[in-house]
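Any read-out appearing in this document is the output of simple, stated calculations on the displayed coordinates, not a laboratory observation. Keep in mind the model is a prediction, meaning the values are calculated, not measured. Heads up, the Cβs are rebuilt from the backbone with ideal geometry, glycines too, and the neighbour counts pull from every protein chain shown.
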Ligand SMILES: *Cc1c(COP(=O)(O)O)cnc(C)c1O
């Protein structure tokens, strides 16, 4: 997308606003499928929690993607966006048996990540096929050292509990049709990913009716210069070979599944905010934008570094700025960044704003959540209206009859 397109979107829809470029989402999707073209049955299940706007889900569906969901609400969104139930996988953590049963009744693929619910679900619904989420206890220990750490992660069924798991499956006679892992951000490089995959293959041998093996996600995209990016093409080559060999041994052509979130949508997104105030202090020049961590929490929550560009003055002289928000506590988007000279009223673009940005937005400080716009084939489509004051008070119950003003207000003389 051109910066001039982004500027015209703020003129049309106001700021702050999230903008997503459908072309970038599409090219990332194709890049990933292309890297695994040697796999007979490949399935990408887009992780809805990264960016769950219904129009984005429709775009994913049109590309041929499935959907990875973590809540019953995401399942319902996916169904509403036109996904067939069987192309949705439901991978919750720590939810009630009732919620899992509700998802199963909707016909989506269930993925269970603890022994307690597995036993309860298997006893009640032995005929519903279930995928199990394994925790391979693998993490990158810097410089491609692999450690079998993370024993305390709350996700997945530990590989050390496989004997117990097999007993449950045998007793309940439930049907395990998939094996899954998602180690999230622990997997930085391909060797670690492949190492964890071996553990998954080893586990898979215990089950005779598998239809798929799901390798989760955790693919990296660059946020700032020098960042590691997962070499998808190399991973594709190596894992494809290993997977096809495994299927030959297993005696059946299984589906290889992934659930990318960030990889598909992060770089497609821009968050655009207007500069309210440029404030020079003795040590720093602050640029305060008409937004805060209520709209983009990743810098404060994870220390994420989103590149910031002054798209109103992209060729201006560079100076150092700390870009901050309007929230009434420390609310820094970027410290001491070199940015083209900023004037009040300029529009700053925060890059990599597609994944885990709008979906983590809140109404803190009673602010409205921003609008969302999809840029598709050269035109801008509003896909979420900016909130209004009605949205702020919509679900609030005003006990105005209980708290009638009994005392006249104290007037300070
Ligand atoms: C969040 C999540 C993903 C997506 O992770 P990314 O790092 O965004 O690719 C995939 N699978 C599961 C189970 C998740 O919870």
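See the values below:
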read-out	value
Packing-based order for 338-346, 365-373, using average beta carbon neighbours within 10 Å, highest first	365-373, 338-346
Peptides 42-49, 68-75 ordered by average Cβ neighbours within 10 Å, highest first	42-49, 68-75
Helix-only mean residue ellipticity at 222 nm for the chain, each DSSP H run of n ≥ 4 adding -39500 (n - 2.57), per residue, nearest 500	-8500 deg cm²/dmol
GNM flexibility winner over the chain from 162, 88, 311 (Cα, springs under 10 Å)	162
The chain - percent relative contact order, Cα under 8 Å, separation 6 or more	19
Taking segment 22-264 and dividing mean pair separation by its residue count, relative contact order in percent (alpha carbons under 8 Å, at least six apart)	22
Degrees, to the nearest 10: 22-35 long Cα axis against longest axis of the chain	30
For segment 177-219 and segment 358-413, distance of Cα centres in Å	43
Proxy reagent accessibility, fewest Cβ within 10 Å first, across 137, 407, 164	407, 164, 137
Relative contact order (%) - criterion: Cα under 8 Å, at least six apart; region: segment 269-385	31
Residue 160-residue 99 pseudo-label distance in nm [points 7 Å out on the Cα-to-Cβ vector]	2.7
Sequence ranges 386-394, 93-101, 29-37, ranked by mean other-Cβ count within 10 angstrom, highest first	29-37, 93-101, 386-394
Inter-part distance where segment 270-286 and segment 43-76 are each reduced to a Cα centre, Å	36
Fluctuation leader among 396, 120, 305 - the chain, Gaussian network, Cα springs under 10 angstrom	396
